[in-house]
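Student: Mind looking over this structure? Questions follow.
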Number of protein chains: 2
Amino acid sequence: MLSRKNGMPLWRQIYLKIEADVTSGVFEPGQKLPSESEFTNLFSVNRHTIRRAMGALTDDGLVRVERGRGAFVREPVINYPVSSRTRFSENLTRQHRAPGNVLLMAVDTEADVAVAEALDIKEGEIVTRITSAGEADGRRVSYSNSFFPRTLFPGIVRIFREFGSVTRTLSHFGVDDYSRKRTRIISRMPTKEEAGELHQPKSRPVLITESINVDETGTPVEFGICLFASDWVQILVEPS
Amino acid sequence: MLSRKNGMPLWRQIYLKIEADVTSGVFEPGQKLPSESEFTNLFSVNRHTIRRAMGALTDDGLVRVERGRGAFVREPVINYPVSSRTRFSENLTRQHRAPGNVLLMAVDTEADVAVAEALDIKEGEIVTRITSAGEADGRRVSYSNSFFPRTLFPGIVRIFREFGSVTRTLSHFGVDDYSRKRTRIISRMPTKEEAGELHQPKSRPVLITESINVDETGTPVEFGICLFASDWVQILVEPS
DNA sequence: ACCGATTTGTTCGTATGTATA
DNA sequence: ATATACATACGAACAAATCGG
């Protein structure tokens, strides 16, 4: 299998072998690779030789290594385009992925300062909060809270349950077109709850977009806070 | 000199030391560096630790090693006297740069896959890399690498140092207007090196924008990778 | 909350091969 | 031919992060 005579270093031969297994699908995206010690036994070489190969694979973006956990085949990232007209499910369908939006919770609550300011209403006014999770290819990629002013959309929860999408729900209330007024993008470590919702370790950061959608008249109709698993999602800002 | 307690690996500390000596001119371009065994004695570490640092320096294009002969400072085509505090003056928001930028390094290097693809050139073609850091209120907020195709902008570094701004530098080359083709935004944990450059703990995530600027004809003129300290920076996407 | 097992990261030690001066 | 210097590889130990019970 490995040759110590043909001039090609062992680590390079191992690199090529693993690379072939990754690109050919023997190891699938996201899958955990054998540990260094397992590879050591498999190839009958020293751990450093394995590490040299893994380092090169990491540099070349084929694998991702997490200390204390293992090495994983890098998943192709999911693009999340942001423009003035952004729809989550549309973004994903455009990439031929199966989008899934799971409604987790829907409650009426009082608007706190941030929500009130975003929706241009008074603090304490009742808003409907819809919590949902986004999935793509069976992977949890987002966790979002959307706030709607209840006075504008009474009974929005039932409609949302029925249609399962923000666009069609708002359309039901006569808001046929809305656009993104502004998007704020930040990044931080997740809380334990957030990490749990995103099915990711709490040691990995999350990407967060805070956006305000307004109707044709400029009235805010939705304030959304969306958390993305940063390992799997990148945000693409395209000129509109 | 070296610390075994501060969390930064010895090889990285050595890397930074040698890098500083190279960029500051203690070791001049083309000059032979001390041998591995000499470095071993100088730093009182194992030869492998030196080799790790030299490997990184090689990867980053600062030195070039010749088997059986030694390691040498890579000669940039243009010789840059290192006055490491060059100020960007104006029009910085366009490059996602905060006021108070310092030029850290400018070297000609070979384009890797990502850079080549972004600039629409061949891998290995020479590009000019300008590394700089942004500061605001005395706090390090960004660390960026910009890549320019050298064939389009020969001697860009001297011009850049003269004008101090990307806009005016490109204008000198006849690129009077350029625009952002696309911006990719991701977030991840920083490497220790990146955390060091950003003067932030390595436990805080970084926001990263990768952008491509093109001229009127659509030809890529700059590829920039900018890291932000996510604790201090948020990205605002507003409709244009 | 703690402990032990697993896994990756770093460092030192050693040996052998190969290219160059 | 010998010495120097880089390249590769193996072995051992410990540190740091993760995960399960």
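Student: At a threshold of 8 angstrom on Cα-Cα distance, excluding pairs fewer than six apart, so keeping six or more, what relative contact order does chain A reach in percent?
Tutor: 17
Student: Still on this model: Where does helix A:10-23 land angle-wise versus the long Cα axis of chain A, in degrees 0 to 90, nearest 10?
Tutor: On a 0 to 90 degree scale, this one is about 40.
Student: With the cut-off at 28 Å, tell me which of the pairs A:K122/A:K181; A:K32/B:K17; A:K17/B:K122; A:K181/A:K202; A:K5/B:K122; A:K202/B:K17 have Cα atoms farther apart than that.
Tutor: Exceeds cut-off: A:K32/B:K17; A:K181/A:K202; A:K5/B:K122; A:K202/B:K17.
Student: Rg/Rh for chain A: what does it come to with C-alpha atoms and Rh from Kirkwood?
Tutor: With Rg and the Kirkwood Rh in hand, the quotient comes to 1.12.
Student: Take the eigenvalues of the Cα gyration tensor for the range A:10-73, scale each by 5, and report the square roots as semi-axes in whole Å, largest first.
Tutor: 16, 13, 11
Student: If I stretch the segment between A:I126 and A:E110 completely, what's the gain in nm (0.36 nm per residue apart, minus their alpha carbon distance), one decimal?
Tutor: Between A:I126 and A:E110, full extension yields 5.3 nm more.
Student: Counting only helical runs of four or more DSSP H residues, what would the 222 nm mean residue ellipticity of chain A come to if each run contributes -39,500 (n - 2.57) and the total is spread over all its residues?
Tutor: Taken over chain A, the calculation gives -8000 deg cm²/dmol.
Student: I would also like to ask the following. In nm, to one decimal, how far is the modelled label at B:R161 from the one at B:H48, with both set 7 Å along Cα→Cβ?
Tutor: 4.0
Student: Amide H to amide H under 5 Å from B:E125: which residues, 5+ apart in sequence or cross-chain, H placed 1.01 Å off N in plane?
Tutor: The list, which skips near neighbours in sequence, is B:A111.
Student: Let me ask something else about it. Say R0 is 56 Å: what FRET efficiency, to the nearest 0.05, do B:E28 and A:S179 get from their beta-carbon distance?
Tutor: Here the calculated transfer efficiency is 0.45.
Student: Given springs between every Cα pair under 10 Å in a Gaussian network model of chain A, which of A:P220, A:P190, A:P34 has the largest fluctuation?
Tutor: A:P34
Student: Between A:N6 and B:D21, how many nm apart are label points set 7 Å from Cα along the C-beta direction?
Tutor: Between A:N6 and B:D21, the label points sit 4.1 nm apart.
No lab work stands behind these numbers, since they all come straight from the coordinates. None of the values given here were measured: they were computed from a predicted structure. Every residue, glycine among them, receives a Cβ derived from its backbone with ideal geometry; neighbour counts consider all protein chains shown.
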